[in-house]
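These notes are about the structure you will find just below.
The values are calculated or read from the model by the stated rules, or taken from the named source; none is laboratory data. Since the model is a prediction, treat every value here as computed from it, not as a measurement. Methodologically, a virtual Cβ is constructed for each residue, glycine included, from the backbone with ideal geometry; neighbour enumeration extends over all protein chains shown.
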Amino acid sequence: MAALITLVAFIARWLGKGLDFDRAYGVQCVDLIKGYLYYVFGINPGTWGNAHAYYDNFYSIPGLYKNFTRITNTPSFVPQKGDIIVWRKTARMPYGHIAICTGEGNTSWFYSWDQNWRGRNDACAKIKHDYTGVAGVLRPKNQANVNGSGSGSSVPNGTGTSYKVRITAGRLNVRSGAGTQYRINTVVKQGEIYTIVQTFGGWGKLKSGAGWISLTYTVRA
């Protein structure tokens, strides 16, 4: 599945806000990473454990090892923009920690976008770190949407650009993004026909620009 938005767009959407992607345990560091995987790479994140497990159990998680390269932290290591950086499980951080690197830094320090860094359900913020406790990073194999060249997934049909659907639900919410966590812009009604110009994770973007609908409640028109 092609990525929907760039890393820049993803961070712009959530910086200063709390993303509770899995709607469990409030705003956690792993929620930001699950959102990153889903919205930037089109990967459906599973229940893969606490933050440290993304590094420790990397080779047993297909969604990770098929799409990322695990790189160990060394004295000469400097993370790149878009790397998922993981802290080890310690007495101070019993679940580890995980964040997204900005690409700024050297062998002594780096910046990353973090959630829940202080353990208070903290919103997404840019934070400066040293390498204490860092196990390593997961580097995306597909760098297109990390570096801004990706543009989302196009919809295949007879023309290769769009297709029409008929709404099957009585009333269907039209949301500002591809997911139920986005705000409701308006509603569409059963029997109405709309043109879809992009798809992502079971959602379709309306040609009108009104927003996104769940394709579960549609049929081809």
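Sort out which residues of the range 180-221 are in a loop (DSSP other than H, G, I, E, B) and on the phi < 0 side of the Ramachandran plot, and write them in order of number.
Those that are in a loop (DSSP other than H, G, I, E, B) and on the phi < 0 side of the Ramachandran plot: Thr180, Gln181, Tyr182, Arg183, Gln190, Glu192, Lys207, Ser208, Ala210, Ala221.
Does Asp22 satisfy the criteria of being outside the structural domain of Thr199 (by TED's automatic domain parsing) and over 15 Å from Arg139 (Cα atoms)?
It is true that Asp22 is outside the structural domain of Thr199 (by TED's automatic domain parsing) and over 15 Å from Arg139 (Cα atoms).
Please verify whether Ile167 is crowded, with 18+ Cβ neighbours inside 10 Å and either assigned by TED's automatic domain parsing to the domain that holds Val40 or closer than 27 Å to Tyr36 by Cα (or both), treating the condition exactly as stated.
Criteria not met by Ile167.
Exactly one condition in (1) surrounded by 20 or more Cβ atoms within 10 Å (Cβ to Cβ); (2) over 12 Å from the mean Cα position of the chain (by Cα); (3) part of a strand (DSSP E or B) is not met by Thr69; state its number.
(1)
Please go through the range 170-190 and give me each residue that is at pLDDT below 90 and under 16 Å from Thr216 (Cα atoms), ordered by number.
Across the range 170-190, the qualifying residues are Gly177, Ala178, Gly179, Thr180.
Identify all residues within the range 19-42 that are assigned to a loop (DSSP other than H, G, I, E, B) and modelled with pLDDT under 90; write none if there are none.
Scanning the range 19-42 gives Asp22, Arg23, Ala24, Tyr25, Gly42.
Check the range 74-82 and report whether any residue there is touching a helix residue (DSSP H, G or I) at 6+ places or on another chain (Cβ under 7 Å), assigned by TED's automatic domain parsing to the domain that holds Ile11 and of a type in the set (Gly, Ala, Ser).
Among the residues of the range 74-82, at least one is touching a helix residue (DSSP H, G or I) at 6+ places or on another chain (Cβ under 7 Å), assigned by TED's automatic domain parsing to the domain that holds Ile11 and of a type in the set (Gly, Ala, Ser), which makes the answer yes.
Here are Pro79, Pro62, Pro94, Pro140: which of them is surrounded by fewer than 15 Cβ atoms within 10 Å (Cβ to Cβ) and under 22 Å from Gly35 (Cβ atoms)?
Pro62
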